[in-house]
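Read the structure below first, then the notes.
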Amino acid sequence: MSSWKLDRTGMSIVALGVALWFAPAALAQPMEACDPIDPAYCGFPFPNDYYTRPDPDSPTGLRVALPSEAMPRSFVGAPVIPDKWNVLDGFSVGPMLLTVAPDVDLERSGAPLQIDIARSLDPDSPILLIDADTGERQLMWAERDVGGIVSQEQPLILRVGKNLPNGRRFVVAMRHLVDAAGQPVEADPVFAAYRDRTSLSTPAREARRAHMEDLFAVLADAGIARKDLVLAWDFTVQSAESVAGKLLHMRDDAFGILGDASPAFRVTSVEEPLDSQIFRRVNGTFDVPLYMTDGGAPRSLLRLGPDGMPVNEGDVFTANFRCIIPFAATTDGAAPAVPARPSLYGHGLLGSERETSAGNVRDMAAEHNFVFCGTRWTGMEEDDFDTALAIIADFSNFPMFPERLHQGMLNGLFLGRLMIHPDGFSSDAAFQVGGEALIDRSELFYDGNSQGAIAGGALAAIAQDFTRAVLGVPGMNYSTLLRRSIDFDSFNTFFEAAYQNGFDRVFLLSMAEMLWEQAELNGHANHLTRDTYRDTPPKKILFQMAFGDHQTANVSVEVAARSLGARIHQPALSPNKVVPERQPYFGIPPIHPSGNGVARGWELRATRPGGQGRGHGPSPAAAHSRFDGSALVVWDSGNPAPPAANTPPRLTESDPEWDDLFECPKNFGGDPHECPRRQPAARLQKSEFLRTNGAVVDVCGGGPCLAP
């Protein structure tokens, strides 16, 4: 369990550097709004400790201080208001690192690319990310933004291959870079003056020299010579308290208000039967303590007290729910009951609780005897579509997404409590047959797809009522996901109109992640399976990834798996699958390694039809084939590998790869995003995982997993 106060060991360098940086001479000559070491665009390089100030009361000793003068302006000239960012004590745990570097040719320079992220750990890598305390090199890759309308506005992006630990300082180093002609790229004059110990033009720039000298010393200790540097800068990752503090405060305060009682709920409709699979579909509402302004309506924000924490004033948010109860929970539609496993279901992008009765969810419920209940991701549900448009028009509105998502997370926790509390759903006739409860309350689970996996990872990190979660077709880190998703296409058209400079748009995406990660998997991946938050049990996570997914980027799932320590089912892909990576799934160990790196030990001797009844014990399948940990399983529907760039996969019937697709992705425009959840074997794998003493089992016969 992690303590909330950051260990200050190793922070002396930061404190010294910051103190010198903000010496009296600098105060006499205020720091420039734009960092002069990267003069081609104001705000770069980013993230950057240049845009912080000392704060001895924060866990990191810093506070973000983005100046209004450096903020992008919309097409009507309105600058982004940075106030909501300037309360953070550092930058993203999965940062989108940005610099212009217009002349750098990454391939000719031998830079680490997405297809060879292991290159970033090599002694001679030209681009490195260094832990300032330990000197350890971090897994990362470099890419040129391809989303800019014009090539002159396509900055260099650096992304981490594994999320960074909270509260730590990191240094970016760039050296031995060449242009397209193979000629060395020179440093800009201000950085060169720091590097070469030559004089600078202003007292403020000179006052920063002590900080830069400390940075060069960190790099020298890591074996990186200052004379070779073209650019270097540092940034500090925000603390766990900065990321999760508000969510955990709301959780603890709301459940303190609730005490031992069940949340209040009302059943508003019961449909019986829904179809041949579902015995009942139950709709209703339930009450959750409210922590939002404006009654929690779309575009509302957190209601904060003097300490900066969310406040409940005795009022409630009324949330919707939908539950489905399969015939498998009954005896031919009557008593005696065969109580079903309860699981929360997380809906997809800008959806609603109605997705809980989607076809694949009904199949899962019927085949494996689950009661699924869902509510809305308040903050990113169908009523928030207009909020998305308002954000695109004026990015000052962006905090409306992550702040309202805090209420959505709390709603999910309260719905889970209703599913297992003796005075919750089981006490109502809508969830009974012949007076017997249809829900086995002994253990709660979570299953979500797409956005339900992205947000579901954050929910799992703070959940106290469940310890196992399946995240289907997942992803994380919206600063990575958006440009790699076809879902962003229509929004991006408006985004380009509102912010017409390509540098502005990537800068805003990098800023967005600093707040967004408070309520998505990215911010919490380091605390799901280990180093868990206070009073929170560790989780076991099963990722089911659709290879070549058009909506949630495969590369982001790999980062998630490394960050929480998951293992991968091998062989992940067939031997004849063409992939660009030099070492596919580098840094993700196989579940059962053998001498040749291929999985062994998988064996599935039996399946168990229907439900497991009371006790949630292991099925015959799990008894012979168990990996009791977190895992990534790749499901292949015949799609080609996604582009190794920040652009989505796209397929049409005229593409030669179309004929290689299985039937499922052809039904969805070539996109395999829907296919794992529609595969009976994948649902069986989920069922074996989502049980007491469950496990990841091989349902693919010792080979790659296919979703036809």
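The values are calculated or read from the model by the stated rules, or taken from the named source; none is laboratory data. The structure presented is a predicted model; accordingly, all values stated were derived computationally and were not measured. Methodologically, a virtual Cβ is constructed for each residue, glycine included, from the backbone with ideal geometry; neighbour enumeration extends over all protein chains shown. Each accessible area value is taken on the protein alone, full model and side chains, heavy atoms only, with ligands, DNA and RNA left out. Shrake-Rupley method; radii C 1.70, N 1.55, O 1.52, S 1.80 Å.
Summary of computed values
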| quantity | calculated |
| --- | --- |
| Filtered residues of the stretch 164-183 (kept if in contact (Cβ under 8 Å) with a residue 60 or more places away in the chain, open to solvent by 10 Å² or more (accessible area, probe 1.4 Å) and part of a loop (DSSP other than H, G, I, E, B)) | Pro165, Asn166, Arg168, His176, Asp179, Ala180, Gly182 |
| Subset of the stretch 71-94 that is within 28 Å of Arg168 (Cβ to Cβ), open to solvent by 10 Å² or more (accessible area, probe 1.4 Å) and not hydrophobic (A, V, I, L, M, F, W, C) - its residue that is nearest to the chain's Cα centre (by Cα) | Lys84 |
| Considering residues of the stretch 119-138 that are assigned to a strand (DSSP E or B) and of a type in the set (A, V, I, L, M) only, the residue farthest from Ile157 (Cα to Cα) | Ile130 |
| Residue under evaluation Asp447, criteria (1) part of a strand (DSSP E or B); (2) open to solvent by 10 Å² or more (accessible area, probe 1.4 Å); (3) not hydrophobic (A, V, I, L, M, F, W, C), criterion not met | (2) |
| Selection count, the stretch 634-658, where residues are buried (at least 19 other Cβ atoms within 10 Å of the Cβ) and either touching an Asp or Glu at 6+ places or on another chain (Cβ under 9 Å) or more than 19 Å from Pro704 (Cα to Cα) (or both) | 9 |
| Tally of residues being free of Cβ contacts under 8 Å to residues at least 40 places away in the same chain and farther than 22 Å from Asp103 by Cα across the stretch 184-215 | 8 |
| All strands (runs of 3 or more DSSP E) inside the stretch 278-362 with 2 or more residues being within 15 Å of Gln407 (Cα to Cα) | 278-289, 316-326 |
| The lone exception for Gly434 - which of (1) surrounded by fewer than 20 Cβ atoms within 10 Å (Cβ to Cβ); (2) touching a Lys or Arg at 6+ places or on another chain (Cβ under 8 Å) it fails | (2) |
| Filter pass, Glu403 being of a type in the set (Asp, Glu), in a helix (DSSP H, G or I) and within 25 Å of Ser479 (Cβ to Cβ) | yes |
| Residue match in the stretch 637-648 (condition: farther than 30 Å from Arg159 by Cα, touching a residue at least 24 places away in the same chain (Cβ under 8 Å) and not basic (Lys, Arg)) | no |
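Per-residue answers, yes or no, for (1) open to solvent by 50 Å² or more (accessible area, probe 1.4 Å); (2) touching a helix residue (DSSP H, G or I) at 6+ places or on another chain (Cβ under 8 Å); (3) not aromatic (Phe, Trp, Tyr):
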| site | (1), (2), (3) |
| --- | --- |
| Pro310 | no, yes, yes |
| Phe317 | no, yes, no |
| Ala334 | no, no, yes |
| Ala340 | no, yes, yes |
| Leu350 | no, yes, yes |
| Glu353 | no, no, yes |
| Ala358 | no, no, yes |
| Arg362 | yes, no, yes |
| Ala366 | no, yes, yes |
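Residue-wise test of (1) open to solvent by less than 20 Å² (accessible area, probe 1.4 Å); (2) touching a strand residue (DSSP E or B) at 6+ places or on another chain (Cβ under 7 Å); (3) farther than 17 Å from Val311 by Cα; (4) in a helix (DSSP H, G or I).
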| residue | (1), (2), (3), (4) |
| --- | --- |
| Gly379 | yes, no, yes, no |
| Asp386 | no, no, yes, yes |
| Leu389 | no, no, yes, yes |
| Met409 | yes, no, no, yes |
| Gly412 | yes, yes, yes, yes |
| Leu415 | yes, yes, yes, yes |
